[in-house]
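This report refers to the structure that appears directly beneath it.
Every read-out reported here was derived from the displayed coordinates using simple, explicitly stated rules and does not represent laboratory data. None of these values were measured; they are calculated from a predicted model. A quick note on method: Cβ atoms are made from the backbone with ideal geometry, for glycine too, and the neighbour counts reach across all protein chains shown.
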Amino acid sequence: MLVTGKEILLDAQKNGYAVGAFNVNNMEIIQAIIEAAEETKSPVILQASQGGIDYAGIEYVAALAKTAAHNASVPVAIHLDHGTDFDQIISCIRNGFSSVMIDASKYPLEENIAVTKEIIKIAHAVEVSVEAELGKIGGTEDHITVEEKDATFTDPQEAKDFVERTGVDSLAIAVGTAHGVYKGIPKIDFDRITEIRNIVDVPLVLHGSSGVDYDSLRKAVSLGICKINIDTDLRASFTKAIHEFIEENPTVIDPRKLLGPARAAMKEVIKEKMEVFGSVGRA
Ligand code: G3H
Ligand code: ZN
């Protein structure tokens, strides 16, 4: 069933687990996520980035995600990931997304607040939830790149003011993770999560969570992270399965024979993540 981002995350916050938010670009990926969620009885968030929407087209993404959500036996939110474009955010709302992210983190604080408030005013009028970002998460997520030197951690007091002044439903915080494949070993600033949690009352979001060791993710959840974004690890599992299949079956030309195993491999990775996030059995 389709639910809002706020609804799905408030339950996670209340019960001390995190909902997995997985990036989608096509039918097989959406099916892998929904099958994993149903098999583990996990609430789940399907999220499309600007790049995903450019690739598949908003109508295809929305139609696939809505079909999946309406038919699913578990709560599903449909979310725009790292939205930076006003028109595209409105288009997602019009196409039935139940949640959007406005990522104005590249702007100075006051401008971030102003841009976020503008989106919230529109989204909340039609009961769509809003996630914002404060601090700058390093790395590359599709169209958005933040160089290592420009990445900045979220200031707890600023986070409190930001949430109070904007009325945002959830907040993405920069605490040491980065988008994409890690060069070194990611180190999460757990004390910062705690400091933010102590003074900020909305659900907190961890981006760039692929490649982060599971003990760290479990600890982040125990300290108050309620939404965990995963993209890179899913891409890797999907593509690895395709490579392996082609290596073993170089003459096969049926795309379904490649995509089927890729979907199955991705599903297993998602189920593993759901176990770590503590969302299993919560639906
Ligand atoms: O917004 C999406 C995520 O933060 C995904 O990051 O590709 O490092 O898993 P990741
Ligand atoms: Zn992200």
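Structure notes:
- Pick from segment 153-184, criterion within 16 Å of ligand 1 (Cβ to nearest atom) and without any contact (Cβ under 8 Å) to a residue 24 or more places away in the chain, ranking: nearest to Val126 (Cα to Cα): Gly176
- Of all residues in segment 238-269, exactly one satisfies the criterion of being of a type in the set (Ser, Thr, Tyr) and not in a helix (DSSP H, G or I), namely Thr251.
- Residues (hydrophobic (A, V, I, L, M, F, W, C) and not in a helix (DSSP H, G or I)) located in segment 103-121: Ala104
Residues are listed down the side, and each one gets a yes or a no for (1) under 28 Å from Pro156 (Cα atoms); (2) free of Cβ contacts under 8 Å to residues at least 12 places away in the same chain; (3) within 16 Å of ligand 1 (Cβ to nearest atom); (4) out of contact with any Ser or Thr (no Cβ under 7 Å at 6 or more places or on another chain):
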residue	(1), (2), (3), (4)
Gln47	yes, no, yes, yes
Thr67	no, yes, no, yes
Ala72	no, no, no, yes
Asp85	yes, no, yes, yes
Ser91	no, no, no, yes
Ala104	yes, no, yes, no
Pro108	yes, yes, no, yes
Ile120	yes, no, no, no
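- Subset of segment 66-94 (residues that are aliphatic (A, V, I, L, M), in contact with a Gly (Cβ under 8 Å, 6 or more places away or on another chain) and not in a strand (DSSP E or B)): Ile89
- Considering residues of segment 200-232 that are aliphatic (A, V, I, L, M) and away from ligand 2 (no atom under 16 Å from the Cβ) only, the residue nearest to Gly167 (Cα to Cα): Val202
- Residue satisfying all of: in segment 245-259; touching a residue at least 12 places away in the same chain (Cβ under 8 Å) and either touching a strand residue (DSSP E or B) at 6+ places or on another chain (Cβ under 7 Å) or within 22 Å of Ala36 (Cα to Cα) (or both); surrounded by the fewest Cβ atoms within 10 Å (Cβ to Cβ) among these: Lys257
- Scanning segment 167-195 for residues that are more than 14 Å from ligand 2 (Cβ to nearest atom) and buried (at least 23 other Cβ atoms within 10 Å of the Cβ) yields Val168, Asp169, Ile193.
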